[in-house]
Amino acid sequence: MSIDIDTARRVAHLARIAVDEKDLPALAGELSNILTFMEQLNEVDVEGVAPMTSVTPMRLKRREDKVTDGDYQEQILSNAPDAREGFFAVPKVVE
Amino acid sequence: MGELSKLTIAEARDKLRAGEVSSVELTRDCLAEIDGADALGAFVHKTPEIALERAAAADARIKAGEAPDMCGIPVGIKDLFCTKGVASQAASAILEGFTPEYESTVSQNLADDGAVMLGKLNMDEFAMGSSNETSTYGNAVNPWKVDDRDLTPGGSSGGSASAVAADLCLAATGTDTGGSIRQPAAFVGITGLKPTYGRCSRWGVVAFASSLDQAGPMTKSVRDAAIMLQSMAGHDPKDSTSADLALPDFEAALTGDIRGKRIGIPAEYRMDGMPDEIEALWAEGRKMLQDAGAEIVDISLPHTKYALPAYYVVAPAEASSNLARYDGVRYGHRATLAAGDGIEQMYEKTRAQGFGPEVQRRVMIGTYVLSAGFYDAYYNRARKVRALIKKDFEDVFAAGIDAILTPATPSAAFGLGEMADADPVQMYLNDVFTVTVNLAGLPGIAVPTGLDKSGLPLGLQLIGKPWAEDEMLNTAYVLERAAGFVSKPSKWW
């Protein structure tokens, strides 16, 4: 499977990573090489095999549905690039 | 100076208890060594005040009696672990300036036992790399040298490996997603243990691939790995995949008696083009275990060949999801925006500036294999192959194999920059012997057992049964004693 420039542009956008138009051909080439490497997986007979969901057979723990943690707005905002009046601030989202 | 920093954990523990040395003395010695070793690029955030404060507290606790084994032991912490009030940036520019308000469970467990944090250690960005060359801090350098070249300490836990091998600290934490503890340990001639998936809590460890990530100790001896794992491991309600199982006494398991144990030698690990030295090292390892009374059994793990491609689907897929959180909103870097830029441009510019090339590559590969139309062909297929790889191991363990012996790496440490022009896939091949263990969730340990022609360390890997780190450590202990590896790098830094 080879990735063309349009696909590379689309993947970069899906991943929310800005890539210059001039860098797209090289990116497409790199991604194609890696995908070619992955194509070996097509040699394996996986008929009837269930995809792994958990590497250790373990029942997830359950607990009562109640608040056990929280109430530290200040700490949560302390690392924000832009926090105002108790909120994270971002560029305008809604027109 | 520098004599105390050379001690093993076990030696220091005994000296501390006997009152022959104080933790403050040990810590000061390590801090001086660290300050003289900037050329190694191992410590990237030094925390001498915290260290001396904890050392004084540890001394008081030891004096009062009943101190845990790790009490007063100076260690380094990989930058991937969140440490309260101390920069924790996973060696990424996108987490520039991030100082967590909380402490990871593993580093908290160590602190609760009185261990002394000396600082944070270099690594590949988000633990993605095998040479510590993707770090925003610059390279970590291997203390071993055989010519003019600076060699890689391996990756991703390269700073941890370099610091322990150069005696800047007594031990260090590492994390291992595809070999990131065991490969660097082998490259610098120390012991590195990746526990069974679920043995150590992942809470507060910056996530790379959540179904593969495990924290573990990187130490100067197998006994030290046992002691440090005891402190790091254990159930944590804050990590739903952490196992609620009682911990065995790992150090007590080191009896040196492996008579009657069945050690598997997987045919598929004999790779085409494997250097003779690695082959010879492996043969010596087999002989050592045989001489100790173990039975050597040829085994087959038929899906080994597909482990690397499966890993390079599963790990980037999980990474693309985990790293979606770095969006410039809640923490870390945010790009400066141009007039009229909206939130989308903010995300895209922030992530383009903050992530290095290897991280970008893996996030995009992960995005691709999870995208509509390709999910089944890549991601689901890889998860099926992963199930088959795990079954390979289950089959040999069910047939009575107790542990598996393999080389740890396909070569000795290579020069920094030597892989710069290589295809990324070439770098991925470093993990060929270690990655199966992560895919199957098993414990693995790298033990230094020899030197190559040029005088660089080489290691062997033992793979254990799930939750049988105790037994695996004991076999590693036998290997360590038989190999008698005592070489140290000579100081040039």
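The dipole here belongs to chain B: it is taken about the Cα centre, uses +1 on the Cβ of Lys and Arg and -1 on the Cβ of Asp and Glu, and is about 560 debye.
Between the residues A:70, A:34, A:50, the greatest Cα displacement towards the positive end of the dipole of chain A, with unit charges on the Cβ of Lys, Arg, Asp and Glu, is found for A:70. Summarising the amide proton neighbourhood of residue B:450: residues at separation of 5 or more, or on other chains, whose placed amide H is nearer than 5 Å comprise B:458. Remark on residue B:221: its backbone amide H falls under 5 Å from those of B:191, a criterion applied only to residues 5 or more positions apart or on other chains, H modelled at 1.01 Å from N.
Bridgeable lysines around residue A:61 (alpha carbons under 19 Å apart, same-chain partners fewer than 8 residues away excluded): B:238. DSSP bridge analysis restricted to chain B gives an antiparallel fraction near 70%, rounded to the nearest 5. Legend: mean number of C-beta atoms from other chains within 10 angstrom of residue C-beta atoms, peptide A:59-69, equals 1. Fewest to most neighbouring Cβ within 10 Å: what's the order for B:351, B:386, B:325? With the fewest neighbours first, B:351, B:386, B:325 line up as B:325, B:351, B:386. Ranked by the mean number of other Cβ atoms within 10 Å of their residues, highest first, the peptides B:157-166, B:121-130, B:442-451 fall in the order B:157-166, B:121-130, B:442-451.
Around the Cα centre of the protein assembly as shown, unit charges on the Cβ atoms of Lys, Arg, Asp and Glu (plus for the first two, minus for the last two) sum to a dipole of about 720 debye. Counting only residues at least eight positions apart within a chain, or on another chain, the aspartates and glutamates with an alpha carbon under 12 Å from that of residue B:6 are B:29, B:33, B:167. Using the Cα gyration tensor of region B:284-409, with a ≥ b ≥ c the square roots of its eigenvalues, what is the shape: rounded (a/c below 1.5), prolate (a/b larger than b/c) or oblate (neither)? Prolate. Under conditions of 37 °C and 0.692 mPa s, the protein assembly as shown yields 136 µm² s⁻¹ as its translational diffusion coefficient, taking Rh as the Kirkwood radius over Cα pairs in the Stokes-Einstein equation. Shown for A:4, B:239, B:29: other C-beta atoms within 10 Å of each C-beta, ranked fewest to most, produce the order A:4, B:239, B:29. With θ taken as phi - 60° and the Karplus curve 6.51 cos²θ - 1.76 cosθ + 1.60 applied, the whole-hertz 3J(HN,Hα) list for region B:414-426 is 9, x, 4, x, 5, 9, 4, 9, 6, 4, x, 4, 4 Hz, x standing for glycine and proline. Evaluating 6.51 cos²θ - 1.76 cosθ + 1.60 at θ = phi - 60° for every residue in region B:262-273, the Karplus couplings come out as 9, 9, x, 10, x, 4, 6, 8, 8, 7, 4, x Hz, glycine and proline recorded as x. Cα-based radius of gyration for region B:4-243, normalised by 2.2 N^0.38 Å, reads 0.91.
Estimated purely from DSSP H runs of n ≥ 4, each contributing -39500 (n - 2.57), the mean residue ellipticity at 222 nm for chain B is -11000 deg cm²/dmol once divided by its residues.
Which pairs break 30 Å Cα to Cα here: B:194/B:391; B:46/B:491; A:22/B:120?
A:22/B:120
How would B:200, B:71 line up from fewest to most surrounding beta-carbon atoms within 10 angstrom? The partial results should precede the final answer.
Working: B:200 29, B:71 23.
Least to most surrounded, the residues fall as B:71, B:200.
Taking amide H as placed 1.01 Å from N in the peptide plane, residue A:82 has its amide H under 5 Å from the amide H of A:89, each at least 5 places away in sequence or on another chain. Karplus-derived 3J(HN,Hα) values for region B:404-409, using 6.51 cos²θ - 1.76 cosθ + 1.60 with θ = phi - 60°, are 10, 10, 9, x, 7, 9 Hz; glycine and proline are entered as x. Let a ≥ b ≥ c be the square roots of the eigenvalues of the Cα gyration tensor of region B:343-409; is it rounded (a/c under 1.5), or, if not, prolate (a/b larger than b/c) or oblate? Cα axes put region B:343-409 in the oblate bin.
Every number in this text was worked out from the coordinates using simple rules, so none of it is lab data. Just so we're clear, the structure is a prediction, and the values are computed from it rather than from any experiment. Cβ atoms come from the backbone with ideal geometry, glycine included; neighbour counts cover every protein chain shown.
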